[in-house]
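One structure below.
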Amino acid sequence: MRAFLLRLIPLGVGIAMLGIWELSVHLTQVPIFVLPPPSAIGHALVDNFATLMGSLWVTLRITALAFFWALVSGLALAIIFTRARLIELALYPYVVTLQVTPVVAIAPLILIWVGFDNVDRALVIIAWIVAFFPMLTNAVQGLRSTEPQLHDVMTLAGASWWQRLYYLELPAALPAMLTGAKISGGLALIGAVVAEFVAGSGASTGLAWRIIEAGNRLEIATLFAALALLSALGIALFYALTLLEWLVLRRWHDSFAKSP
Amino acid sequence: MTGAPELALNNLGLSYPQRGSEAEVVALRDITASFPAGSFTALVGPSGCGKSSLLRLLAGLLSPTQGDMSAVTQSDIGFVFQEPTLLAWRSVYENVALPLKIANRKSGLRAQEIDTRVREALTLVGLETRAKALPRELSGGMKMRVSLARALAKRPPILLMDEPFAALDELTRFRLDDDLRAIWQRQKPTIIFVTHSVTEAAYLAERALVIRAGSLHAEIKIERPKKHTDNFRAAPNFHAACAAISQALADPKEGTS
């Protein structure tokens, strides 16, 4: 019960902040195109509900696709890297280069190369570049951190490389992979927004595009509504992955052990 | 156990290059010994003397750099580590069954046969009621029993044990020592048991090999009654064996006696 009440504290803080916001906007009479009160944002959300939901769907789809490919490519590359030291040696510097080069700087190229006939594909690739690195490094670290004696157990049992992977390394790497997935999930959303910003206009009509559009038209309440939806999307993604982590690890992993 | 091969080591040596130095580290030198089928040998020595390396050589986890040894297939070997080394995400039952399931690719054991063996091994170590538990729900002694059951489920003719009970409290260790004796008497695998405890070696084995600084220093036969009871701890033979092992460990003279 006490734990439940403690959980309500952030909610209370949020409601209080919104109240102060609403009140101070009315008292100071700030123009609505500078800072709209929460009530106006709510109205904007309801008025533009259909458009905003459409945009939410576009952004969600790009994020989800980028995240999916980040998971698949990060894990696949991690498995290759941990099996073939030579490949890791050869490719790792380029993976790092891709990661450290600001994606905004690469984005125009990608838009030109693959975005001509299919902007969405370009957006997914840009978001994927942002998202995939944490998945890769965490998966590599997880796959490498298996106890050496457990490897001996596998050797003595005569395990093949894929049995070793399936029975030992992948489950042992799960905690690290889920950490990587949590970071990648957040970055996929950031990447999707960055990609939409860079693409600017055209076929893409995601939430980031709505934000630019509303800003240009000084519809600040709509801008805030789109922003709120983006935050909600990020939060939902994070907690979905946290829930997944809990479901997968709670039974056996020390981080979920009940303190005595 | 049937068909347990005799293990023979002939002038076995193990050395490996030292990091940042030309000189090699010699872990083992000139080990000549044999382990008859069904025998129970303790390898005794101080930490770092090479007894664990010797065990890993016997298991095929390391290769000797000198000499030779009789060929053993890894499927003939059950290995018990100093730590329980269990998969935290698998139940007791699944941990014990795993090596059988993996080996199944080659041996073609039926699922039912695997089940029989796992249950039998769990019964041998007294854990048949905890089959569904996860490792973290067990005490240190119970985890070690699971580890032992995992080795036994293979029904290996050779059982190699690397200080398996060293991390346990003394009472638990005494109980597991007795259980191990009982299992050995019933199934007669060849057991090679590494320990740094003089009393554990004298209590368990028929023979103790004292290893010092990488070479075989002494071989001590332990006279014991045909039928094992825990009264052996009070027997004069037990104390004589302890004294002989201790003496060999403290003996200032280097080399084989």
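Quick notes on this structure:
- MRE, 222 nm, helices only [DSSP H, n ≥ 4, -39500 (n - 2.57), over chain A, to nearest 500]: -27500 deg cm²/dmol
- Sparsely packed loop sites in region B:183-243 (the GluC sites (Glu not before Pro) outside DSSP H, G, I, E and B with at most 11 other Cβ atoms within 10 Å) comprise B:GLU223.
- Taking a span of 24 Å or more along the helix axis (Cα atoms) and a mean Kyte-Doolittle hydropathy of at least -0.5 as the rule, the DSSP H helices of chain A that qualify are A:2-28, A:49-83, A:119-144, A:170-199, A:220-249.
- The simple Förster model, with R0 at 45 Å and r as the Cβ-Cβ distance, assigns B:GLU219 and A:ALA76 a FRET efficiency of 0.25.
- DSSP beta bridge pairing in chain B, given as percent antiparallel to the nearest 5: 50
- Kirkwood radius and radius of gyration were both taken over the C-alpha atoms of region A:101-166, and their ratio Rg/Rh is 1.31.
- Within region B:58-85: backbone nitrogen closer than 13 Å to the B:SER15 label point (7 Å, Cα to C-beta): B:65-67
- Among residues other than B:ILE158 with Cβ under 13 Å from its Cβ, the summed charge is +1 (Lys and Arg +1, Asp and Glu -1).
- Top positive-direction residue, dipole computed over the protein assembly as shown with Cβ charges, set A:LEU5, B:VAL125, A:GLY19: B:VAL125
- Relative contact order for chain B, counting Cα pairs under 8 Å that sit 6 or more residues apart, in percent: 26
- Taking every alpha-carbon pair under 8 Å whose residues sit at least 6 apart, region A:40-256 reaches a relative contact order of 30 percent.
- 10 Å Cβ neighbours from other chains, averaged over peptide B:86-93: 4
- Gyration tensor (alpha-carbon) shape descriptor, region B:155-234, a/c threshold 1.5: rounded
- By the count of other C-beta atoms within 10 Å, a proxy for reagent exposure, B:LYS101, B:LYS143, B:LYS221 are ordered fewest to most as B:LYS221, B:LYS101, B:LYS143.
- Stretchable slack from A:PHE197 to A:GLN149, in nm (0.36 nm times residue separation minus alpha-carbon distance): 12.3 nm
- The simple Förster model, with R0 at 60 Å and r as the Cβ-Cβ distance, assigns A:SER231 and B:GLU128 a FRET efficiency of 0.65.
- Spatially proximal lysines relative to B:LYS132 (Cα-Cα < 22 Å; intrachain offsets below 8 disregarded): A:LYS258, B:LYS101, B:LYS143, B:LYS154
- Here chain B is assigned +1 on the Cβ of each Lys and Arg and -1 on the Cβ of each Asp and Glu. Its dipole about the Cα centre then comes out at about 860 debye.
- For the segment A:231-241, counting C-beta atoms of other chains within 10 Å of every residue's C-beta and taking the mean gives 0.
- Directionally averaged shadow of chain A, computed from the convex hull of its alpha-carbon atoms, nm²: 19.1
- Computed over the protein assembly as shown, the range of Cα coordinates on each principal axis works out to 100, 55, 49 Å, biggest value leading.
- Model label sites at A:SER39 and A:LEU11, defined 7 Å from Cα along the beta-carbon direction, differ in position by 2.4 nm.
- Inter-chain Cβ neighbour average for residues A:95-103, partner chain, 10 Å: 0
- Normalised by residue count, region B:195-256 yields a Cα convex hull volume of 72 Å³ per residue.
- Over region A:61-170, relative contact order from alpha-carbon pairs under 8 Å, at least 6 apart, %: 39
- Chain B - mean residue ellipticity at 222 nm from DSSP helices (-39,500 (n - 2.57) per run, n ≥ 4, rounded to 500): -11500 deg cm²/dmol
- Taking Cα centre as origin and charging only the Cβ of basic (Lys, Arg, +1) and acidic (Asp, Glu, -1) residues, the dipole magnitude of the protein assembly as shown rounds to 1140 debye.
- Equivalent-ellipsoid semi-axes of region A:143-226, from the Cα gyration tensor, Å, largest first: 50, 12, 7
- Region A:40-256, dipole about Cα centre (Lys/Arg Cβ +1, Asp/Glu Cβ -1), debye to the nearest 20: 240
- Label-zone membership for region A:40-79, site A:TRP161, 7 angstrom Cα→C-beta point, backbone N under 15 Å: A:76-79
- Estimated inter-spin distance, B:ASP251 and B:HIS239, nm [label 7 Å along Cα→Cβ]: 2.3
- Charge sum, other residues only, whose C-beta stays under 15 Å from B:GLN185's C-beta, Lys/Arg counted +1 and Asp/Glu -1: +1
- Here the scattering of region A:105-260 is modelled by Debye summation over its C-alpha atoms, one equal scatterer each and no solvent; at q = 0.11, 0.13 Å⁻¹ the log10 of I(q)/I(0) is -0.62, -0.76.
We did not get these values from a lab; they are worked out from the coordinates using the rules stated. Note that the coordinates shown come from a computational prediction; the quantities given were computed from them, not determined experimentally. We place every Cβ from the backbone using ideal geometry, glycine too, and count neighbours over all the protein chains shown.
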